[in-house]
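Working notes, structure below.
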Amino acid sequence: MRTGMQVLLLSMAGLGACGEAARPELSAPQGDAPVTAIAMETPVDTRTSAADDGLAIAVARETVDRAAREQTLRVQQQLREQERVREAAVRALNSGNERCIAGQKVRRVGNGWVQAGTC
């Protein structure tokens, strides 16, 4: 009889550890073995709650990091587009009789180049 009670207690302890169900209160058998009632409480597993907190923190950190990476990519894309526009303007300016050299606009004249402002 005691072996059956030990197996029952162990199986109930296993269920409580898995978090599947609360442990019911046991009553003493009416047989020859005097066993007192055992009140079983569901313990709070601090390892699980700490792991859940750690997971929540990691997910939040990953969300923030992803938003920062996406913002960085948007800024880089804008900078590349601005550089393309600037290079297109310089190419258009350098075609024909005007060029941009070191931030100075120069214009071709009969015997060379003259400054025509800034680019």
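The values are calculated or read from the model by the stated rules, or taken from the named source; none is laboratory data. Every value quoted in this text rests on a predicted model; they were computed, and no experiment measured them. Ideal geometry is used to build each Cβ from the backbone, glycine not excepted, and the neighbour counts take in all protein chains shown.
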Quiz item: Quick check: anything in segment 69-88 assigned to a helix (DSSP H, G or I) and modelled with pLDDT under 80?
Solution: no
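Per-residue answers, yes or no, for (1) at pLDDT 85 or above; (2) part of a helix (DSSP H, G or I); (3) surrounded by 10 or more Cβ atoms within 10 Å (Cβ to Cβ):
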residue: Ala50; (1), (2), (3): no, yes, yes
residue: Ala58; (1), (2), (3): yes, yes, yes
residue: Glu62; (1), (2), (3): yes, yes, yes
residue: Cys100; (1), (2), (3): no, no, yes
